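Each remark here refers to the structure printed beneath this line.
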Amino acid sequence: MSLNEQSTRTVRRRRPVDPVKQKHRKINQILMIVMLGVSALTIIALIINTIRVVRTSTVDNQGSEESMTSNTGQSMKNDVYIIGNNPTEIEKTYFQNLTDALKGDGKEAIAEAVVYNFVTDYFTWTNKDGNYEVGGLQYIFAEKYSKFEEWNRWYPYSDMDLYISQYGRTNLIQVKEITTEVPTFRTDDFTVLSVDPSETYPCYQVQVSWTYEDTPVNTADFPNRMRFQVIDHDGRFEIVEFYDMPSVEAWEAANPQDENAVAEQAEDEAGSEG
């Protein structure tokens, strides 16, 4: 075999380049680069927007708190609680009373102030956007928080969306003023059986009534008197139970107590504490 014949066999011929395929390949490469560029710009824009929103929210919150403090002398939060969203004027007043009570007005005063703040936030709907926004949750006993929130989706908050669609949010119920019907007092310790092991806490009874602002909604359909059991949960006062007063009074009428026996029990408790 000659050298020329061997060279001819070992050299491979190159395939001709298809100009159409080459054109499509270049277009695909350009599109890929453009898409990567757009994706990178989108990610950068999202990051910048997120930072801007966070900064704006922080400034707005600080501005609201500073404005409220400087203009009214009231605070949006204390060491234990924080005021609810879009508070009404009466909510601001009662929250300031709670902050003051925490500074040493006595445990009865703290328990009562907690109830006042719960009632104003829970039964004020003019600052709520829907039934998912349950007011006053921070004042509920921590172990019952989730169940209480779930229960409220059915009652009484289940009709909130309907009321909003019919009357508009600004025309819904709003607590006007709260009155203590019976002086708040230390009652029997409350044992929480829903935790294992059960736990017992000091308990205070608070009984209040309240009025609503004028509204197209029939406020007679909503509670306006309740009795609360507030426990001292390791220094944080929380509502562990509450009852509608008409139901309480109906039960007490059906189960009358001997006044002398009640008085003797109170004397025994006072003597044991002494």
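Every read-out reported here was derived from the displayed coordinates using simple, explicitly stated rules and does not represent laboratory data. The structure displayed is predicted, hence computed values, not measured ones. Note: ideal-geometry Cβ built from the backbone for every residue, glycine included; neighbour counts use all protein chains shown.
Against the test of being of a type in the set (A, V, I, L, M, F, W, C) and surrounded by 16 or more Cβ atoms within 10 Å (Cβ to Cβ), the options VAL175, VAL195 yield a single qualifying residue, VAL175.
Residues in the range 127-159 that are in a loop (DSSP other than H, G, I, E, B), over 14 Å from the mean Cα position of the chain (by Cα) and touching a residue at least 12 places away in the same chain (Cβ under 8 Å): PRO156 only. Among the residues of the range 161-175, are any more than 22 Å from the chain's Cα centre (by Cα), assigned to a helix (DSSP H, G or I) and free of Cβ contacts under 8 Å to residues at least 40 places away in the same chain? Yes, some residue in the range 161-175 is more than 22 Å from the chain's Cα centre (by Cα), assigned to a helix (DSSP H, G or I) and free of Cβ contacts under 8 Å to residues at least 40 places away in the same chain.
Residues in the range 214-231 that are in contact (Cβ under 8 Å) with a residue 60 or more places away in the chain and more than 19 Å from PHE141 (Cβ to Cβ): PHE222, PRO223. Do you know which residues across the range 80-110 are among the hydroxyl-bearing types (Ser, Thr, Tyr) and either closer than 12 Å to PHE237 by Cα or part of a loop (DSSP other than H, G, I, E, B) (or both)? Scanning the range 80-110 gives TYR81, THR88. Selection over the range 72-115 of residues that are closer than 22 Å to ILE173 by Cβ and among the aliphatic types (A, V, I, L, M) gives a count of 6. Close Cβ contacts (under 9 Å, 6 or more residues apart or on different chains) running from residues in the range 244-257 that are surrounded by 13 or more Cβ atoms within 10 Å (Cβ to Cβ) to residues that are aliphatic (A, V, I, L, M) and not in a helix (DSSP H, G or I) comprise ASP244/MET226; MET245/MET226; VAL248/MET226. Going through (1) touching a Gly at 6+ places or on another chain (Cβ under 7 Å); (2) part of a helix (DSSP H, G or I) one by one, THR124 falls short only on (2).
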